[in-house]
Amino acid sequence: MFELHAIAAAVVGGTSFTGGRGTIYGTLLGAMIIGILDKGLNQAGVHYSLQYIVKGGVILGAVYLDMRRRK
């Protein structure tokens with residue numbers, strides 16, 4: 001399931017799903033955010049299946065903000 005982490009890091013870092021370019025710094029920042037979220041959920045004792053739901057919500061939120069920004 002490393003694909004989810006990679007996609008989430010890129011999208012949270014500012015890379016658009018609809019095409020476009022992102023930056024390496026944005027992707028690194030996105031990876032840090034996803035890593036902190038992952039570590040925090042693990043330490044809080046959240047079940048792993050709920051962690052995937054939370055990460056999916058973060059991806060959906062990033063896509064939504066990207067769509068709002070483009071309009």
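The values are calculated or read from the model by the stated rules, or taken from the named source; none is laboratory data. Note that this is a predicted model, so its numbers are computed, not measured. Surface accessibility is based on the protein's heavy atoms, side chains included, excluding ligands, DNA and RNA. Shrake-Rupley method; radii C 1.70, N 1.55, O 1.52, S 1.80 Å.
Below is a table of values for the structure above.
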quantity: Residue that is most open to solvent (accessible area, probe 1.4 Å), among those in the range 6-62 that are among the aromatic types (F, W, Y) and modelled with pLDDT of 85 or more; calculated: Y25
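The rows are residues; the columns are (1) under 9 Å from the mean Cα position of the chain (by Cα); (2) outside any loop (DSSP other than H, G, I, E, B); (3) of a type in the set (S, T, N, Q).
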site: H5; (1), (2), (3): yes, yes, no
site: G14; (1), (2), (3): no, no, no
site: R21; (1), (2), (3): no, no, no
site: Y25; (1), (2), (3): no, yes, no
site: I33; (1), (2), (3): yes, yes, no
site: V54; (1), (2), (3): no, yes, no
site: V58; (1), (2), (3): yes, yes, no
site: R68; (1), (2), (3): no, yes, no
